[in-house]
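*Asks:* Have a look at the structure that comes next, please.
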Amino acid sequence: MECRKMWCCTSVGPHFGCLRRDQQNLTACAPVPLAVALSQKSSSINFIKFWSREIKIVPYEITTIGAALSKVHPMNPTWFIPVMQRPYVWKTPDILALFNSIYSGYPIGTSLVWPTTYHNPNNDGARRVYVVHAHQAEELPPVQANVQDGTDITLVLDGQQRLTSLAVGVFGTWTSNNNGPMQLFFDPTAMGNNARRAFLFVPQGNVPDNHLIRLADIPNWQTDPGFEHFLTNYFNSIVGRNQAVPVDMIEENIRRLRTSIWETEAFCYGVYHARDLQDALNAFQLANSTGKELEKTDLLMATLQVAWADIPLRRQLPESFKQINQRFQGNNPMTTKNYLNVFVQSSEDGLPPGYRWSDLTPEVINNLRDYWGIFQNKYVALVEQLSLWGMTRSKCVSAINALLPILAMQARKNFRFEMENNVANAEVEKVRQWLLVVLMNRTFGGQSTTTIRDALRVIDQYGRADYFPQRELFGVLENHHRFDFQTRGGLTSFVEGLTYQGGALQVRQLLMLLKDNIQSANVVGYEIDHIFPRKPYADQHPNDIHKVWNLQLLTAPENTKKTNQTPAVLYHNDTFSSDWRRHNILPENDQAANVINIWDDPTRLWNARRDAIVDKLCQILNVE
């Protein structure tokens, strides 16, 4: 029986009449849309009207999984990934689920490809193509294909996650942080309820049980002699073993896997003959609208990759935010999504917060192209400053969107962090204070479109190269704060509610805020120390020992001096001067008014320090 179904691409997304065909049966895996059924009346129809929409009819083909794998074989691939595609994001559970679906005879979705000729003599960014890479890991950058100009190739517009997963399972490996490279194996003894566990990853180099079969052997099963030769060797290797599953059932399962890979035509793909790269991008957007919904940043990335002919954005973007992430020690806050969002919104000529797709005009695309290199330098300068403040450690920057107003100041107002005079130093200190306040108050947490919009308006209206509008930002963002920072009572309640056990990150942010601008923190970082050590004071003061007024930030050398000693050492060691105590909001001793020294009286020190902390916050936030 010949398949005559068609693939249908509309403004509401593509629709497939997806069939699976093996040697005996032709079975529908999904309902066939009406538009597809109509197309069968005439093979010459190119466009039809359906519900007043123009629908482009695209023929599709079905083939075996093995044949699809041959198109992405690492040694001689003919299918490639175009520049507008998203990165590979599937994980091992997704790969296992895919192979279990194939083995069980379930449909695995459809793909869309574009046959074209490779014309890129200058190796331009928008026309580069990438291999369907069989060796994958977390956030692995794409691997550029070495294709000769004029070569006939096919580009995968939709379905790269499935194709790449097939390649990983059969040709390659998945590398995890814990186990290193792992290969996919098939367990032909998995029966009944365990059949869903028929596939498993095994660390490369480990010797698995003899009954497990590497999927890397599957290419040798295409021909009958090759498959029978494999079976002979396999059963010779397990002879004499006590098998819980009869040999004939094991053989039946192996033959079933071979059938699902090399005989059942389970791989369905539409063939779209795009006019050019922009036309392919339009098809890419439509094709992806029926699967996992594309986020705006996915479409933005695809559009910019196509539009910027001379910039290899697909390669430069992960390199850029990887460089940023390396500076955040022990933390990787930067992703493609938040990096792109900060990029397009920090430019004065870019996209507004909560932008719509219609906002991405050709003029904006060109403006963003000019801003791309500038933005990368500005971001690096900002992160270097964060490092000087000690904020690139311990996940201190808990909301990347909070950096956006600062980047806007750099990009729109040419605000710089170089310390040229006392005025400039004071303005930079205002940036540090503002950032720590909004991080501590979670002002930019969650969906912060309105918060960003309000903050950028303040930057545009009040910001200057020599003036950071801290007070104006605090005023406009009052309604976006999670906690009451507008009154002394609200600040006191916030401070009293902070504990090391319940909010270590906010404690760290507050303690950093209380310090003045100390530039050496990038070398040593900060450690949270209990002023009165937990032993023996935790038993005597269980409700206060972890409160913020008993906590301070020490550098590693300072912590070595302090260790688990009482706070007396903070008043009698040359390491800790009166200026140092002032920076750490430690009250001075007043022997005239008290017989007991303050470092021997926890309640007295804590009460004085709590009030001093609230005083400092009121000063920073301009609260009376």
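*Asks:* Identify the residue in segment 237-250 that is open to solvent by less than 100 Å² (accessible area, probe 1.4 Å) and without any contact (Cβ under 8 Å) to a residue 40 or more places away in the chain and, among all such residues, is farthest from the chain's Cα centre (by Cα). Break it down into steps so the answer makes sense when it comes.
*Replies:* Step one: of segment 237-250, the residues open to solvent by less than 100 Å² (accessible area, probe 1.4 Å) are 237-238, 240, 243, 245-247, 249-250.
From what's left, without any contact (Cβ under 8 Å) to a residue 40 or more places away in the chain: 237-238, 240, 246-247.
Values: Ser237: 44, Ile238: 44, Gly240: 50, Pro246: 46, Val247: 46 Å.
Per the criteria, the residue is Gly240.
*Asks:* Evaluate the following for Ala274: is it open to solvent by 50 Å² or more (accessible area, probe 1.4 Å) and either more than 28 Å from the chain's Cα centre (by Cα) or farther than 20 Å from Tyr88 by Cα (or both)?
*Replies:* Criteria not met by Ala274.
*Asks:* Consider segment 172-194. How many of its residues are of a type in the set (A, V, I, L, M, F, W, C) and open to solvent by 30 Å² or more (accessible area, probe 1.4 Å)?
*Replies:* Selection size over segment 172-194: 1.
Residues checked against (1) open to solvent by less than 20 Å² (accessible area, probe 1.4 Å); (2) farther than 22 Å from Ile254 by Cα; (3) assigned by the TED database to the domain that holds Gln204:
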position: Trp79; (1), (2), (3): yes, yes, yes
position: Leu98; (1), (2), (3): yes, no, yes
position: Tyr103; (1), (2), (3): yes, no, yes
position: Pro115; (1), (2), (3): no, yes, yes
position: His119; (1), (2), (3): no, yes, yes
position: Arg128; (1), (2), (3): no, yes, yes
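*Asks:* Continuing with this model, one more query. State whether the residues of segment 212-222 include one that is modelled with pLDDT of 90 or more, farther than 16 Å from Gln183 by Cβ and open to solvent by 70 Å² or more (accessible area, probe 1.4 Å).
*Replies:* Yes; the residues of segment 212-222 include at least one that is modelled with pLDDT of 90 or more, farther than 16 Å from Gln183 by Cβ and open to solvent by 70 Å² or more (accessible area, probe 1.4 Å).
*Asks:* If Gly169 meets every condition in (1) crowded, with 17+ Cβ neighbours inside 10 Å; (2) of a type in the set (Gly, Ala, Ser); (3) closer than 30 Å to Asn122 by Cα apart from one, which number is that one?
*Replies:* Result: Gly169 passes all but (3).
*Asks:* Does Pro87 satisfy the criteria of being assigned by the TED database to the domain that holds Pro188 and open to solvent by 30 Å² or more (accessible area, probe 1.4 Å)?
*Replies:* When the stated conditions are applied, Pro87 passes them.
*Asks:* For segment 378-406, which residues satisfy the criterion of being part of a helix (DSSP H, G or I), closer than 16 Å to Asn441 by Cβ and polar (S, T, N, Q)?
*Replies:* Residue satisfying the conditions is Asn401 alone.
*Asks:* Among the residues of segment 473-490, how many are open to solvent by less than 50 Å² (accessible area, probe 1.4 Å) and over 18 Å from Val614 (Cα atoms)?
*Replies:* Adding up the residues that qualify gives 4.
*Asks:* Go through segment 135-152 and report how many residues are closer than 13 Å to Val83 by Cβ and hydroxyl-bearing (Ser, Thr, Tyr).
*Replies:* The qualifying residues number 0.
So that you can scan it fast, the table gives a plain yes or no per residue for (1) on the phi > 0 side of the Ramachandran plot; (2) at pLDDT 95 or above; (3) surrounded by fewer than 19 Cβ atoms within 10 Å (Cβ to Cβ); (4) among the polar types (S, T, N, Q):
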position: Tyr355; (1), (2), (3), (4): no, no, yes, no
position: Thr361; (1), (2), (3), (4): no, no, yes, yes
position: Arg369; (1), (2), (3), (4): no, no, yes, no
position: Val383; (1), (2), (3), (4): no, no, no, no
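The values are calculated or read from the model by the stated rules, or taken from the named source; none is laboratory data. Keep in mind that what you see is a predicted model, and the values were worked out from it rather than measured. A quick note on method: Cβ atoms are made from the backbone with ideal geometry, for glycine too, and the neighbour counts reach across all protein chains shown. In case anyone asks, the SASA skips ligands and DNA or RNA and just uses the protein heavy atoms, side chains included. Shrake-Rupley method; radii C 1.70, N 1.55, O 1.52, S 1.80 Å.
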